[in-house]
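Where a number appears in this text, it was derived from the coordinates with a stated rule and is not lab data. Just so it is clear, the structure is predicted and the values come from calculations on it, not from any experiment. When we count neighbours, we look across all protein chains shown, and the Cβ atoms used for this are built from the backbone with ideal geometry, even at glycine.
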Amino acid sequence: MSTIAFFPEGAYGPTNNCVGIGDVLRRRGHRVVFIVEESFAGTLERQGFEERLMRLGPPPEADEEPGQFWKDFIRETAPVFRKPTIEQLGDFIAPTFGALVEGARYVDDRLREIIDELAPDVIVEDNVVSFPALPACGRPWVRITSCNPAEMKDPRVPPTFSGYPASDRSGWEEYWQEYRRAHADLHASFSEFCVERGAPALDDLEFIHTSPHLNLYLYPEAIDYPRERPLGPTWHNLGASVRATDAAWEAEPGEGSLLYLSLGSLGSGDVELMQRLVDTLSASPHRVIVSKGPQHEQITLADNMTGAEFLPQTSILPQVDLVITHGGNNTVTEALHFGRPMVVLPLFWDQYDNAQRIAETGLGTRLDTYGHEPDELLGAVDRLLGDAALARRLGELSAALQAAPGTTRAADLIEQLLQRGT
């Protein structure tokens, strides 16, 4: 039996992705331990995993909800989401990287304690900034990129977080110049910190190291980007990584198609936006399942809706006909895994890239999240539901993804790394 330590970012998307892979590995007899923020204490234990706790900042005066830091951060910065992505670089993306880097600095000593105590045979991380304790520990480690693969920069791939089309490069150079201006000082200081703590220097414009051992990402080939430079032999695309640990869920029978509305655990904190979408969909002839999120008590559902604060998404998606989503990478890849068309309403980070990619590959529709009219959303829903050719295409894509589960592929690759030892 090998000990495998998973270290996901303190948010539900990366955590759920790691849970799916960790579940396969533990069923194969491995000891699986999750390194999680204290606010997540008990969350992974309830799913049968060991936990080791750490903090990314000083303890608060009051108890925290899981991922509370990022819920507060998103709520405070939500007005920035109404700006063009190039303006979000300085107002949101750079401050977010700044907060993540500060957390990496704060937790580095604690991570080294945990690694020394567990003595894991391999460490698997799913983060967007480096934690120097991992590359400095001398143990095999795996990087998972569960964000849009534009994070792995390439001359043929649109700029990271831009949401720009792949076929039109106007604006790319201006965006990259602003990206560099917004991040240059932070990148330089963090790279210096990594070296001080025994890790390599960071590559240009990168806040995270590529593992010399194994790197995984999840993005179905049908929507992946063509590249000028191949990613290299340590990189493997899982397609999708859909966990099998969610509780069972059964849709109530009724008239009309069944829609699923989710802006993710962070995006759903924008109560005004959520209520606007709910009010729009109340005029639809369809039934709607609403993932209400952390501010669930402030969201009033219509008669054609059911919902709750948390829902077992991977149990719901096979039963619905269409997904209305913020464009988080997990939701996008899970919807494709089950062959569901999407209306994408991006808010921040890689959601714009996913929204654009879904639109330009013809697998759904991208709308202006705050600027669309109610009839645009209702019309997009009906068009997608009535597109028989799209339904056939999504069915074929779903069959291919389900025939080669990403969680199994990831577990196989991690076991191969365990056998090699480096």
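Structure above, values below:
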{"read-out": "Computed label-point distance, nm, for sites ASP109 and GLU221 using a 7 Å Cα→Cβ extension", "value": "4.9"}
{"read-out": "Long-range Cα-Cα pairs in the range 181-272 (distance over 16 Å), rounded percent", "value": "77"}
{"read-out": "Alpha-carbon Rg with Dmax, taken over the range 129-252, Å", "value": "17.2, 57"}
{"read-out": "Centroid-to-centroid separation of the range 251-311 and the range 338-363 [C-alpha atoms, Å]", "value": "19"}
{"read-out": "Volume of the Cα convex hull of the chain, divided per residue and given in Å³", "value": "136"}
{"read-out": "4 °C / 1.567 mPa s Stokes-Einstein diffusion coefficient of the range 258-403, Kirkwood radius on C-alpha pairs, µm²/s", "value": "86"}
{"read-out": "In nm, spacing of pseudo-spin labels at THR361 and ALA389 (7 Å Cα→C-beta vector)", "value": "1.8"}
{"read-out": "Neighbourhood net charge (15 Å Cβ-Cβ; Lys/Arg +1, Asp/Glu -1) for ILE144", "value": "-4"}
{"read-out": "For the range 92-153: span of alpha carbons on each principal axis (Å, largest first)", "value": "36, 24, 14"}
{"read-out": "All-pairs alpha carbon distance profile, the range 323-401, 5 Å steps from 0, percent", "value": "3, 17, 28, 26, 17, 7, 2, 0"}
{"read-out": "Peptides 249-257, 41-49 ordered by average Cβ neighbours within 10 Å, highest first", "value": "41-49, 249-257"}
{"read-out": "Principal axis dimensions, largest first and in whole angstrom, of the range 252-337 by Cα", "value": "31, 30, 17"}
{"read-out": "Contact order normalised by residue count of the chain, Cα under 8 Å, 6+ apart, percent", "value": "16"}
{"read-out": "Value of [θ]222 nm, deg cm²/dmol, for the chain, DSSP H segments ≥ 4, -39500 (n - 2.57) each, nearest 500", "value": "-12000 deg cm²/dmol"}
{"read-out": "Length gained when the stretch GLU87-PHE310 is fully extended (0.36 nm per residue, less Cα-Cα span)", "value": "77.1 nm"}
{"read-out": "Stretch gain in nm, segment TRP172-GLU50, where the contour uses 0.36 nm per residue and the Cα spacing is subtracted", "value": "39.5 nm"}
{"read-out": "Theoretical FRET efficiency, 1/(1+(r/R0)^6), r = Cβ-Cβ of GLU38 and GLN275, R0 30 Å, to 0.05", "value": "0.40"}
{"read-out": "The range 216-249-the range 101-166 distance, computed between alpha-carbon centres (Å)", "value": "16"}
{"read-out": "FRET efficiency, ALA188 to ARG27 (Cβ-Cβ, R0 51 Å, nearest 0.05)", "value": "0.70"}
{"read-out": "Residue of PRO212, PRO220, PRO341 that the Gaussian network model of the chain assigns the largest fluctuation, springs spanning Cα pairs under 10 Å", "value": "PRO212"}
{"read-out": "Efficiency of FRET between ALA201 and GLU61 - r from beta-carbon atoms, R0 51 angstrom, step 0.05", "value": "0.85"}
